[in-house]
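Q: Dumping the structure here so I can ask a few things about it.
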Amino acid sequence: MELSAEQEKELLNRFNTGDDPERVFTELLGHFQKRVYWHIRRIVINHEDADDVLQNTFIRIWEKLGSFRGESRLYTWIFRIATNEALSFLQKKQNRMSISMDELQEQLGDSLKASTYFNGNRTELILQQAILSLPEKQRLVFNMKYYEGLKYEEIEEILGTSVGALKASYHLASKKIEEFVKRTLNS
Amino acid sequence: MSIKQVKESMETNKEIEADEFLRSLNRQGGFEVPVDYFEANTKRFSAFLRKEGPELPESFGGFQVPENYFENLRPTIPVKKGRIVHFRPWFNVAASFLLIGFTGFLLIRSNQTGSSKQSELSSLSQEEIINHLENQEFSADLLCEAGWCNEFQMLENEDKELNPLLDGVSEEDLTELING
């Protein structure tokens, strides 16, 4: 459920001045958790990992919401926290497994085949593997644009990258994906 | 693809979201979540915020524990007992004899050492002992440290009193006086 800028402000105001911040926060969770979950899931791929990162993300939001100054939209701030948590999770996982990020992403792609919570067809599986073959930044931009339908200006706020660079990233990413999928389907 | 090509592509204002190939794919992507996951997550987080107790489900991440496992969980730390060694009677007797023998040996040896030193001293002449003592240089500090400060002071004072009286006495007379 999308919240307008005014609704976000009103919710923040109730959180900071009301006598039941837990209830307001649960309301906030209801508004954002699905979008945040899918954003995280597309980064970490596995449901169990996404669940862990989602918990950590909302705990972090709970801790920091009182100090949020409203300099950006609330949802872009939440997405920024979720992105950082998910990337940090992958980094830790990579360190724990003592492999490179490329190897980890390849493993994540392979793990989809056996995953309980993935039932995509062959093209969808290849598409996910293609996305996982992209460099981290291009992968993030592609997911936010293609799946989450965010505007470049919103992605700019989340990732702190200029709109021009984001457009170039998305363009390169989509071309690489197209090539990867066509090559794999024809092989 | 070169940077020039990317710029050209963007300058032509080609709307990249409208990429025909990607549009043809299913955007769901094939990912799924467990049934009622989001509802359960809201309840779980709400309980966490209100600290209403354990928010973890019975099955967490696929792992399960036996029924009432946590309720019946008791720490079972093994108590470490001291080890009692039981010796046989013959061993006790042998150990006692060994101890008595060793003590006796030490006593005899210390007596032998003492008497041998005494016999060595008795073999020395009085002249040799006096010469030895005269050649020794005693430090006042060393004697004081040994707790003989007062005695040392008294000796020094006696020397000061006697020296002027002995000035006119010859060495032969003094030797005769000492030897009685």
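Where a number appears in this text, it was derived from the coordinates with a stated rule and is not lab data. The structure presented is a predicted model; accordingly, all values stated were derived computationally and were not measured. Reconstructed Cβ throughout: ideal geometry from the backbone, glycine too, with neighbour counts over all protein chains shown.
Q: About the Cα centre of chain A, what is the dipole size in debye to 20, counting +1 per Lys and Arg Cβ and -1 per Asp and Glu Cβ, all else neutral? Numbers along the way, then the final one.
A: Details: 26 positive and 28 negative charges, 127 e Å.
Computed charge dipole of chain A: roughly 600 debye.
Q: Also, I was wondering about something else. Please check which bits of region A:34-55 a label hung off A:M97 would reach, taking the label as a point 7 Å along Cα-to-C-beta and the cut-off as backbone N under 11 Å.
A: A:45-46
Q: What is the extension gain from A:K34 to A:T184, computed as 0.36 nm multiplied by their sequence separation minus the C-alpha to C-alpha distance, in nm to one decimal?
A: 50.8 nm
Q: In addition: Can you give me the distance in nm between label points at A:T17 and B:F97, each placed 7 Å from the Cα along the Cα-to-Cβ direction?
A: Those two pseudo-labels are separated by 10.1 nm.
Q: Hey, what do the phi angles of region A:111-124 turn into as Karplus ³J(HN,Hα) couplings, whole Hz, using 6.51/-1.76/1.60 and θ = phi - 60°, x for Gly and Pro?
A: Per residue, the Karplus-derived 3J(HN,Hα) values read 5, 4, 4, 9, 6, 5, 9, 9, 10, x, 7, 4, 5, 5 Hz.
Q: At 0.36 nm per residue, and after removing the present C-alpha to C-alpha distance, how many nm does the segment from B:S24 to B:L107 gain when stretched out fully?
A: Numbers: separation 83, 0.36 × 83 = 29.88 nm, distance 10.76 nm.
Residue separation times 0.36 nm, minus the Cα-Cα distance, leaves 19.1 nm.
Q: Can you find, among A:W38, A:V53, A:V24, the residue sitting farthest towards the positive end of the charge dipole of region A:9-78, where Lys and Arg contribute +1 and Asp and Glu -1 at Cβ?
A: A:W38
Q: Per residue of region A:27-42, in order, report the coupling 6.51 cos²θ - 1.76 cosθ + 1.60 (Karplus, θ = phi - 60°) as ³J(HN,Hα) in whole Hz, putting x for Gly and Pro.
A: For region A:27-42, the Karplus-derived couplings read 4, 4, 4, x, 6, 10, 4, 5, 5, 5, 4, 5, 4, 5, 4, 6 Hz, x marking Gly and Pro.
Q: Once you have the Cα-Cα distance between A:E106 and A:Q55, take 0.36 nm times their residue separation minus that, and quote the gain in nm to one decimal.
A: On the way: separation 51, 0.36 × 51 = 18.36 nm, distance 2.54 nm.
Extending this stretch completely gives an extra 15.8 nm.
Q: What is region A:42-187 by shape, rounded, prolate or oblate, if you read a ≥ b ≥ c off the alpha carbon gyration tensor as root eigenvalues and call it rounded for a/c under 1.5, prolate for a/b larger than b/c, and oblate otherwise?
A: On the way: a/c = 2.08, a/b = 1.34, b/c = 1.55.
It is oblate, given that a/c is not under 1.5 and a/b is not larger than b/c.
Q: To continue, here is another question. Could you rank the peptides A:26-38, A:59-71, A:152-164 by their average count of other C-beta atoms within 10 Å per residue, with the highest value first?
A: Top of the packing list down: A:26-38, A:152-164, A:59-71.
Q: For region B:42-48, just list the computed ³J(HN,Hα) in residue order, Karplus coefficients 6.51, -1.76 and 1.60, θ = phi - 60°, integers in Hz, with x standing in for Gly and Pro.
A: 4, 5, 4, 6, 4, 5, 4
Q: Within region A:139-171, find all residues whose amide N lies under 14 Å from a label point positioned 7 Å from the Cα of A:F68 along Cα-to-beta-carbon.
A: Under 14 Å, as judged by backbone N against the label point of A:F68, lie A:158 of region A:139-171.
Q: Quick check on region A:115-175: take the gyration tensor over C-alpha atoms, sort the square-rooted eigenvalues as a ≥ b ≥ c, and tell me if it's rounded (a/c under 1.5), prolate or oblate.
A: Values: a/c = 2.65, a/b = 1.98, b/c = 1.34.
The shape class here is prolate.
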